[in-house]
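The values are calculated or read from the model by the stated rules, or taken from the named source; none is laboratory data. Note that the coordinates shown come from a computational prediction; the quantities given were computed from them, not determined experimentally. Neighbour counts run over all protein chains shown; Cβ positions are idealised from the backbone, glycine included.
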Amino acid sequence: MVSFMTDLCHVQSARASGEVARICAELVFGYNRHPAWDEAGYRGCYQQDELDSLEGFIPGLGSYGLDVIGNDGSHPRKAGPCAKCNGADQFLTLQSKLATCLTGSRLAKDRAADAISKIMIPEALDYPA
């Protein structure tokens, strides 16, 4: 019984901490405007010719550039360049630590589900035997 209750506590703690992490992420990032394809948004992007010249020094770099501005000004078809997380390093570190603290929570959930499936209630008149 103690291990079953411990597993239930682990499951509930993991669920609550996941919800807290989601709400905090909304508060930290949710009030920032997403960058647009304008002059300020272009600053963090690679230019195609710049990426091509760097490819000679760092082979494979071109496959990592997500927001690349073409020589003709074309860009990927999406709302804007990828958002940056400037100033959120401490929050991201804590969020990552919280995520690793969830280790074993799914195992606890499986153990609790297995344990509860073996409970019999003999007092119930229509309970299957």
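Which residues, counting only those in the range 50-68, are hydrophobic (A, V, I, L, M, F, W, C), assigned to a helix (DSSP H, G or I) and modelled with pLDDT under 70?
Passing the criteria: only L61.
Of all residues in the range 16-42, those being modelled with pLDDT of 90 or more and over 17 Å from Q90 (Cα atoms) number 4. Within the range 1-19, the residues that satisfy the criterion of being among the hydrophobic types (A, V, I, L, M, F, W, C), in a helix (DSSP H, G or I) and without any contact (Cβ under 8 Å) to a residue 12 or more places away in the chain are V2, M5, C9, A16.
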